[in-house]
Amino acid sequence: MTRKTQKQNESQLEKIVIERTQKIIGLQKRIEFILGATKTGLDIIDKNFNVVYIDPEWKKVYGDPTGKKCYEYFMGRDKTCQRCGIKKAFATKLPVVTEEVLAREGNRTIQVTTIPYKDENGEWLVAEVNADITEHKKIEQALRDSERQIREITDMLPVVVYQYQFMPDGTQKFIFVNKATKNIFGLRQDEILKDFSKAWSKILPEDAPLVFESIKKAVEEFKPWAHDFRLRKKNRKVVWIQGRSIPKKIEPDGSVIFYGTLTDVTEHKTQEVQLEKYRQHLESIVKERTKKLALSESYYRELFKFAKESEEKFKAIFSKARDGFLLADPITRRFYMANKTMCQMLGYSEKEMVRLAVDNIHPKENLSDIIEKFEEQARGDISLITNVPVQKKNGAVIYADINTAQIFLKGKRYILGSFRDITERRKIEAALQMSEDNYRSIFETASDAILIRDIQTYKTIDANRAACEMFGYSKEDMKKLYIKHFMTDETGYTWKEAENFYKLAADGEPQLFEWLGIDKAGRYFWVEANVKRAVIGGKYRIISMLRDITERKRLVTMKDNFMNTVSHELRTPLAAIKEGISIVVDELEGEVGSENKNILNVVKKNVDRLNRLIDDVLDFQKLESGKMPFRLKKHNINEVVEECCQVMGGLVREKKLSLTLDLDKSIPSLSFDKDKILQVLLNFINNAVKFTEQGNITIVTRSEGKWIKVCVRDTGIGIKPEDLPRMFKKFERIESATGQNTGGTGLGLPISKEIIEKHGGRIWVESRWQEGSEFYFTLPLNKKNGVKNAEKNTYS
Ligand code: ADP
């Protein structure tokens, strides 16, 4: 070949390449357009071939599917289609990919991916993702055509155009080479394709390792390869080869595919520029094609993913959600989807719901605010809006917290809103607020000091006004203080000693005790503390209610002192007077005369009465203040009654009255202080004798359930109804109808009442004026009951 003819050939070749390239570019553009326009549609079919769901886009083409089998609906057939993948998908529970030609759509080729899945009810359904691949098929054909064209062109090129594979273990091979191998390597296409080493062996030994390293690097980095190296031709001539390639893809086995060229750059320096042009053209073609291939691949991957994951999962989550879900268009604010919960929440059907927009489900007066917020949510500036009034179909307004997220469905942006109904919560909150307000006002206005403390640390959490006044601190200061700051250092009244009361209260046992407190100024004062555990604001707290009892204590002490003085100051001179009178009456110091003797006897009686009065007052005092000891032991009440009758026998006989006993022998022995019960009985019988002129006195004992009952009945003067309520009140002496001086102190019955009640029993009287009286008391059979109450009541 002469240099001239070679040149001619080349310029011809260039022309062809340019023409073809333009054709290919046009084709690419079409491909792009077609790919962009390709649509997919989703439908869901049940086991009986009923169309359960149809993509709204497809619905426009095919109409309403209700009541139609899929083969009728899509294909216009009366039998299932022969190549249908539905049966197989149901049987294998695996996705099936089939191709169908839709006659009704101008014989378009549809690729159907049939994906079986379980719906929320556990029913198997299939989702069919229908991709119109008519255009895709055309593209495939076009690509095949362009491939052939490329081959034709490349074969005419003086450069080696190749497809090459680099395996992870370092082995290499050509997948495709053009005819130019003959020129460059002096080897035929088929020789090189069969045995790569044949081509490799042509590389100069000193260059080969570098070539290999450079390829390896391109593989590792998945970057274009560019390397110049030398080959030794058959005729031993060394030529320079410029190697260029770009990585196309990584195969599942890890090998990397390159597309590239090998150009002889030794000679034909003038051609170099031209060839470089061709090479660049080719490269761009290869690049374009690769891009297209990758594009269509990822496109299908996306579709599949969307069908399999997004739609299915999204729908499942959407429909199963306990919160209401609404899918809205961010621009038109119209709803696109609503789940069951949402529909129930607002009282609309799903169909009604998707005909509404944000603007239709809120009260008019709040709408502009809500839309403003919705737009912020749509922009993604905020996601949560709370306490949103939402209007139900029936007009009622509920409140919801609305959380939003942007989601993409079929490439379109939507705002997904989850609605949480907080109407109930708001009601509870309002009620809580009210009770909190009530509690606050009671707390603040209470006259007793109230302190609320942490159940573990006893730190003051809250204190009312009275508490602040009691301790002299401000509310803020109070909240910084622990319980120990309100306790003295006095032995017996330190925090260490009080701690036990608080521990018991924290365990749920309310405590009542008297304690010595200390205020900010260091003043000591007595408090009665009522400490209990309570739930405040959902937490266990210790509540202390404190009452300043300093004054009360002072009065009690004063009274005690007074009583001691009275007993001492009166009893001593009275004993002396009584002794003196006895000496005179007994005429030890000379005769007195009968008249004087009578007077002195009256004096003596009065002195005795004064002594009894003092004894009674002191007794009562002791009983009331809990200082009277009780000796509880098991006794038979009947025996006590009999003993009493023996004591009183003389008196009864003296008045010519009869005494009857009506005793219940079945009464078991029970615990009581015998001397004190005897005192009660003697008081009852003594009164009965005193206020009865004729007839009889009966003593009755009975066992009644958990109690024993004792009654002293007389046929005496009785008690006027208006006097009955005052019978057991201290110092309330009822003036006897006869006007006679009975020598009583008026303390007998109040003392009896104290004694019986300290035993846990009850005391009362029933009487009819001029007919007689019945005095009763009961005692508990259960010892514990009696003792416990006695102890409790002893406590002041
Ligand atoms: P006193 O020591 O004065 O009798 P009590 O407390 O025992 O004091 O009795 C108070 C008053 O109750 C008596 O003064 C009397 O008026 C009235 N009373 C008590 N027992 C009887 C009774 N059996 N019948 C009528 N009146 C009675």
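The values are calculated or read from the model by the stated rules, or taken from the named source; none is laboratory data. Bear in mind the structure is a predicted one, so any value in this text is a computation, not a measurement. Cβ sites come from the backbone with ideal geometry, for glycine too, and all protein chains shown count toward neighbours. Accessible surface areas use protein heavy atoms only, side chains included; no ligands, DNA or RNA. Shrake-Rupley method; radii C 1.70, N 1.55, O 1.52, S 1.80 Å.
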Subject >> Evaluation of residue 615 against (1) open to solvent by less than 70 Å² (accessible area, probe 1.4 Å); (2) free of Cβ contacts under 8 Å to residues at least 40 places away in the same chain; (3) in a helix (DSSP H, G or I); (4) away from the ligand (no atom under 16 Å from the Cβ) (one fails), failing number >> reply: (4)
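Tell me whether the range 470-479 contains one or more residues that are at pLDDT 80 or above, open to solvent by 30 Å² or more (accessible area, probe 1.4 Å) and among the polar types (S, T, N, Q). Quick ask: steps written out before the conclusion?
First, pick out the residues of the range 470-479 that are at pLDDT 80 or above: 470-479.
After this cut, where a residue has to be open to solvent by 30 Å² or more (accessible area, probe 1.4 Å) as well, the list is 472-477, 479.
After this cut, where a residue has to be among the polar types (S, T, N, Q) as well, the list is 474.
Yes; the residues of the range 470-479 include at least one that is at pLDDT 80 or above, open to solvent by 30 Å² or more (accessible area, probe 1.4 Å) and among the polar types (S, T, N, Q).
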Subject >> Residues of the range 670-687 that turn out to be surrounded by fewer than 21 Cβ atoms within 10 Å (Cβ to Cβ), within 16 Å of the ligand (Cβ to nearest atom) and without any contact (Cβ under 8 Å) to a residue 60 or more places away in the chain, as a count >> reply: 2
Original post:
Here are some conditions: (1) modelled with pLDDT under 85; (2) within 30 Å of residue 502 (Cα to Cα); (3) not in a loop (DSSP other than H, G, I, E, B). Residue 431 meets all but one. Which one does it not meet?
Top reply: (2)
Original post:
Would a scan of the range 760-770 turn up a residue that is hydroxyl-bearing (Ser, Thr, Tyr), modelled with pLDDT under 80 and either over 59 Å from the mean Cα position of the chain (by Cα) or more than 9 Å from the ligand (Cβ to nearest atom) (or both)?
Top reply: no
Subject >> Matching entry among 677, 667, 699 (being in a helix (DSSP H, G or I) and under 22 Å from residue 755 (Cα atoms)) >> reply: 677
Original post:
residue 498 is checked against (1) within 34 Å of the chain's Cα centre (by Cα); (2) assigned to a helix (DSSP H, G or I) and fails just one. What number does that condition carry?
Top reply: (1)
Original post:
For the subset of the range 67-124 comprising residues that are free of Cβ contacts under 8 Å to residues at least 12 places away in the same chain and part of a strand (DSSP E or B), which member is farthest from residue 53 (Cα to Cα)?
Top reply: 101
Subject >> Pick from the range 485-495, criterion part of a loop (DSSP other than H, G, I, E, B) and open to solvent by 50 Å² or more (accessible area, probe 1.4 Å), ranking: nearest to residue 515 (Cα to Cα) >> reply: 493
Original post:
Which condition breaks for residue 217 when tested against (1) within 60 Å of the chain's Cα centre (by Cα); (2) at pLDDT 90 or above; (3) part of a loop (DSSP other than H, G, I, E, B)?
Top reply: (3)
**OP:** Return the pairs, sorted by first residue and then second, in which the second residue is open to solvent by 10 Å² or more (accessible area, probe 1.4 Å) and modelled with pLDDT of 85 or more, the first residue lies in the range 176-195 and is over 18 Å from residue 259 (Cα atoms) and of a type in the set (A, V, I, L, M), the beta carbons are less than 8 Å apart, and the residues are 6+ apart or on different chains.
**Re:** 187/198; 187/202
Subject >> Residue list for the range 538-554, restricted to those being under 42 Å from the mean Cα position of the chain (by Cα), of a type outside the set (Phe, Trp, Tyr) and open to solvent by 80 Å² or more (accessible area, probe 1.4 Å) >> reply: 539, 547
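Results for (1) closer than 28 Å to residue 769 by Cβ; (2) within 12 Å of the ligand (Cβ to nearest atom); (3) open to solvent by 40 Å² or more (accessible area, probe 1.4 Å); (4) in contact with a strand residue (DSSP E or B) (Cβ under 7 Å, 6 or more places away or on another chain), shown as yes or no for each residue.
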site: 652; (1), (2), (3), (4): yes, no, no, yes
site: 656; (1), (2), (3), (4): yes, no, yes, no
site: 666; (1), (2), (3), (4): no, no, yes, yes
site: 697; (1), (2), (3), (4): yes, yes, no, yes
site: 700; (1), (2), (3), (4): yes, no, no, yes
**OP:** State which residue is most open to solvent (accessible area, probe 1.4 Å) when the search covers only the range 226-248 and only residues that are in contact (Cβ under 8 Å) with a residue 24 or more places away in the chain and of a type in the set (Lys, Arg).
**Re:** 234
**OP:** Return yes when residue 716 is near the ligand (Cβ under 8 Å from one of its atoms), modelled with pLDDT of 90 or more, open to solvent by less than 20 Å² (accessible area, probe 1.4 Å) and not in a strand (DSSP E or B) and no when it is not.
**Re:** yes
**OP:** Those residues that are of a type outside the set (Asp, Glu) and farther than 15 Å from residue 779 by Cα, I need them from the range 619-630; list them, please.
**Re:** 620, 621, 622, 623, 625, 626, 627, 628, 629
Original post:
Restricting the search to the range 83-98, which residues are touching a helix residue (DSSP H, G or I) at 6+ places or on another chain (Cβ under 9 Å) and of a type in the set (S, T, N, Q)?
Top reply: 98
Subject >> Failed item in (1) under 28 Å from residue 252 (Cα atoms); (2) outside any strand (DSSP E or B); (3) at pLDDT 85 or above; (4) open to solvent by 40 Å² or more (accessible area, probe 1.4 Å), with residue 173 passing the rest >> reply: (2)
**OP:** Return a yes/no flag: does the range 43-50 have any residue that is open to solvent by 30 Å² or more (accessible area, probe 1.4 Å), over 29 Å from residue 412 (Cα atoms) and modelled with pLDDT under 80.
**Re:** no
